[in-house]
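Visitor: Following this message is one structure expressed as structure tokens.
Values in this text are rule-based calculations from the coordinates and carry no lab data. Since the model is a prediction, treat every value here as computed from it, not as a measurement. Here the Cβ positions follow ideal geometry from the backbone for every residue, glycine too, while neighbour counts run over all protein chains shown.
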RNA sequence: CGGGGCGUAGCACAGCUUGGUAGUGCGCUCGGUUUGGGACCGAGAGGUCGGAGGUUCGAAUCCUCUCGCCCCGACCA
């Protein structure tokens, strides 16, 4: 009998992804085109990511607030580049209360405009700055083609919006979020290594001066933009008249930023770590870190096994997120598979043999099969599990990093580039224009993911234009 | 919006060509036996066959219209 009904990655990566989402009960289709129901297991993962992000957002001086779902259409129209970028994706509300509205509302695709209009009222003096606000919200962008978590018409995210007195301060904020919040959470909590850098003009946020991003590599060698941080310059400040009076009584426009990560991170989590048996979760974002499966035949055995379970789990309450699976109509084998598919990092099996020997069976999700299963003493089990959870967290990051290194290429010529770009990231000297990027994209489906922060000292030759340049870019196909 | 496909039980599908009692597997309910890698036996519940119209003695099946969904391509956190 087949172990799972999950399509192997090698056969069809895209179907594998959909199968994982379904089998692990993370999300399902809804009655609304392009919108998913996030099921409890998927949502619990989101809550853990959210908690880690929220903690760091607050530690870095920001506060949470909430702005409306609906935005007057005229607001969206104010920033020219912004309108052009978002107009095709915006849903509008034209009727309410049984009547045609005098001015339509748009359902927010992002909140720069309504927050800009608000900040114009909040900010009068240099003493009011900086304004450091974040909101957790849903947004809607009408997408032609959707995939659970990776791209849905409605998605959940956080969007930070800050206003500053100087360009330098806004730039510092933009980079601080990228490094200290986004990279920290994605690498340390989600165990996904990221590349950091600047987006090209082609790839930046509509209305931004500059966009910085973290990019993660998926197991099929494609890139996933995992978070973006924008220095908006004075673009929105001018459109919305976000102005302040300086200490020497001059009126100046503010410098604003915005930055966000979304439920797409759950897609990254799946595609970075999971295998053909199901979801694999880093312990820090696992809703259940340890599952205990008791095994017994008679009521008498049950009593003995459960007594041992109570004993070994007595001090777990504040240590682990754990669950006892005592459902007695299901076989142990069924339960093993079910919790594996759902990505639970550690499984403890305990039956009569263990009761007799004072042991348990301990299985690691990141090491499938017999290899990941060992028999350990009940004494000291709590500490042992704590250590194993840390090992798994580290092992997943190391594995993902190794994978990325193995799929990181360099290319000197366009021909060479073409042979490599389908397999991973390609780092090249590049001084091409936006038109060149478009051409490369239509030829190869690859785009500049980032102009990495770690640029070389030495000059090289652009792989596309053959001109000398010091600028390097990382190209990849992306989600 | 173009190209392709599909709507039959909670899910996956067969039945349609050639009209005649609506089926199979999984799941679900009940009873019993089971339980160290997806247990088994028995009994049972569950359907306006996407919708509307038409042809016919009779339509899941044939015809017309309609609605919805999925996949592939053009947009994107």
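Visitor: How far apart, in nm, are two points set 7 Å out from the Cα along the Cα-to-Cβ line at residue A:455 and at residue A:144?
Guide: Simple spin-label model gives 3.3 nm for this pair.
Visitor: Separate question: Relative to the longest principal axis of the C-alpha atoms of chain A, give the angle of the C-alpha long axis of helix A:381-406, reported between 0 and 90° and rounded to the nearest 10°.
Guide: For helix A:381-406, the angle is close to 50 degrees.
Visitor: So, R0 is 56 Å and r is the distance between the beta-carbons of residue A:330 and residue A:33; what FRET efficiency does that work out to, to 0.05?
Guide: Values: r = 36 Å, r/R0 = 0.65.
With R0 = 56 Å, the Cβ-Cβ based efficiency is 0.95.
Visitor: How many nm is it between the label spots at residue A:121 and residue A:442, if each spot is 7 Å from the Cα in line with the beta carbon?
Guide: 4.7 nm
Visitor: Exposure proxy check: A:408, A:218 ranked by fewest other beta carbons within 10 Å? Before the final figure, lay out each step's value.
Guide: Numbers: A:408 18, A:218 26.
Going from least to most buried by this count: A:408, A:218.
Visitor: Just the number, please: Stokes-Einstein D of region A:1-64 in µm²/s, Kirkwood Rh from C-alpha pairs, 25 °C, 0.890 mPa s. Walk me through the numbers on the way to the answer.
Guide: Numbers: Rh = 14.2 Å.
Answer from the Stokes-Einstein relation: 173 µm²/s.
Visitor: Oh, and also: What's the percent breakdown of Cα-Cα distances in region A:230-288 across 5 Å bins, shortest bin first?
Guide: 4, 14, 14, 13, 8, 7, 7, 8, 10, 8, 5, 2, 1, 0
Visitor: Please work out the FRET efficiency for the pair residue A:248 and residue A:478, using the Cβ-Cβ distance as r and a Förster radius of 41 Å; give the result to the nearest 0.05.
Guide: Values: r = 47 Å, r/R0 = 1.15.
Efficiency, rounded to the nearest 0.05: 0.30.
Visitor: Oh, and also: Could you list A:14, A:478 so that the one with the fewest beta carbons within 10 Å of its beta carbon is first and the one with the most is last? It would help to have the intermediate numbers written out before the result.
Guide: On the way: A:14 11, A:478 16.
Lowest to highest Cβ neighbour count: A:14, A:478.
Visitor: So what's the back-of-envelope 222 nm ellipticity for chain A, counting only DSSP H runs of four-plus at -39500 (n - 2.57) apiece and dividing by all residues, rounded to 500?
Guide: On the way: 14 runs with 153 residues, N = 479.
Dividing the helical sum by the residues of chain A leaves -9500 deg cm²/dmol.
Visitor: When DSSP beta bridges are limited to those with both residues in region A:288-390, what percentage is antiparallel, rounded to the nearest 5? The partial results should precede the final answer.
Guide: On the way: 9 of 17 bridges.
Here the share of antiparallel DSSP bridges comes out near 55 percent.
Visitor: Further question: Within 10 Å of each residue's Cβ, count the other Cβ atoms and sort A:17, A:105 from fewest upward. Could the numbers behind the result be given before it?
Guide: Numbers: A:17 25, A:105 19.
Ranked by crowding around the Cβ, least crowded first: A:105, A:17.
Visitor: So, one more: So for region A:408-476, Kirkwood radius off the Cα pairs, Stokes-Einstein at 4 °C and 1.567 mPa s: how many µm² s⁻¹? Can you show the working numbers first?
Guide: Working: Rh = 11.7 Å.
The Stokes-Einstein estimate is 111 µm²/s.
Visitor: Taking the simple approach of a point 7 Å from Cα along Cα-to-Cβ for both residue A:311 and residue A:74, what is their distance in nm?
Guide: 7.5 nm
Visitor: With the Cα gyration tensor of region A:1-140 giving a ≥ b ≥ c as the square roots of its eigenvalues, does the rule (a/c under 1.5 for rounded; else a/b larger than b/c for prolate; else oblate) give rounded, prolate or oblate? Before the final figure, lay out each step's value.
Guide: Details: a/c = 2.68, a/b = 1.57, b/c = 1.70.
It is oblate, given that a/c is not under 1.5 and a/b is not larger than b/c.
Visitor: Would you mind putting A:260-268, A:322-330 in packing order, based on average other-beta-carbon counts within 10 Å, highest first? Show your work: numbers first, answer last.
Guide: On the way: A:260-268: 24.3, A:322-330: 13.1.
Listed from highest to lowest mean packing, they are A:260-268, A:322-330.
Visitor: For the ranges A:223-232, A:194-203, what's the packing order if you count other beta-carbon atoms within 10 Å of each residue, average per peptide, and put the highest first?
Guide: Working: A:223-232: 25.2, A:194-203: 19.2.
Packing order, densest peptide first, comes out as A:223-232, A:194-203.
Visitor: Can you give me the Cα centroid spacing of region A:108-173 and region A:24-102 in angstrom?
Guide: Their Cα centres are 11 Å away from one another.
Visitor: Any idea what angle helix A:299-312 forms with the longest principal axis of chain A, computed on alpha-carbon atoms, 0 to 90 degrees, nearest 10?
Guide: Long axis of A:299-312 versus the principal axis of chain A: about 50 degrees.
Visitor: Taking every eigenvalue of the Cα gyration tensor of region A:274-313, multiplying by 5 and rooting it, what semi-axes result, largest first, whole Å?
Guide: Numbers: eigenvalues 172, 38, 5 Å².
Whole-Å semi-axes of the equivalent ellipsoid: 29, 14, 5.
Visitor: Note the angle between two axes, namely the Cα long axis of helix A:167-176 and the longest principal axis of the Cα atoms of chain A, as a number of degrees from 0 to 90, rounded to the nearest 10.
Guide: Roughly 10 degrees, rounded to the nearest 10.
Visitor: Antiparallel as a % of all DSSP beta bridges within region A:408-476, to the nearest 5?
Guide: On the way: 9 of 12 bridges.
Around 75 percent of the beta bridges assigned by DSSP in region A:408-476 are antiparallel ones.
Visitor: A further question on this structure: What does the convex hull of the Cα atoms of chain A come to per residue, in Å³, rounded to a whole number? Intermediate values should be presented prior to the final figure.
Guide: On the way: hull volume 88.9 nm³, N = 479.
Considering the Cα atoms of chain A, their hull volume per residue is 186 Å³.
Visitor: Determine the principal axes of the Cα atoms in region A:320-479, then give the extent along each, sorted from largest to smallest and rounded to whole angstroms.
Guide: Result, largest extent first: 74, 34, 24 Å.
Visitor: From the P(r) of region A:390-437, can you give the percent of Cα pairs sitting at distances over 13 Å? The partial results should precede the final answer.
Guide: Working: 729 of 1128 pairs.
The answer is 65 percent, as a whole percent.
Visitor: Taking the Cα centroid of region A:239-304 and of region A:421-479, what is the distance between the two, rounded to the nearest whole Å?
Guide: So the separation of the two Cα centres works out to 31 Å.
Visitor: Taking every alpha carbon pair in region A:288-390, what does the distance histogram look like in 5 angstrom bins from 0, in percent?
Guide: Per 5 Å bin, starting at 0, the Cα pair percentages come out as 2, 12, 26, 27, 21, 9, 1, 0.
Visitor: Per residue, how big is the convex hull of region A:13-273 when only Cα atoms are used? Give it in Å³. Intermediate results must be reported in sequence, preceding the final value.
Guide: On the way: hull volume 34.8 nm³, N = 261.
It is 133 Å³ per residue.
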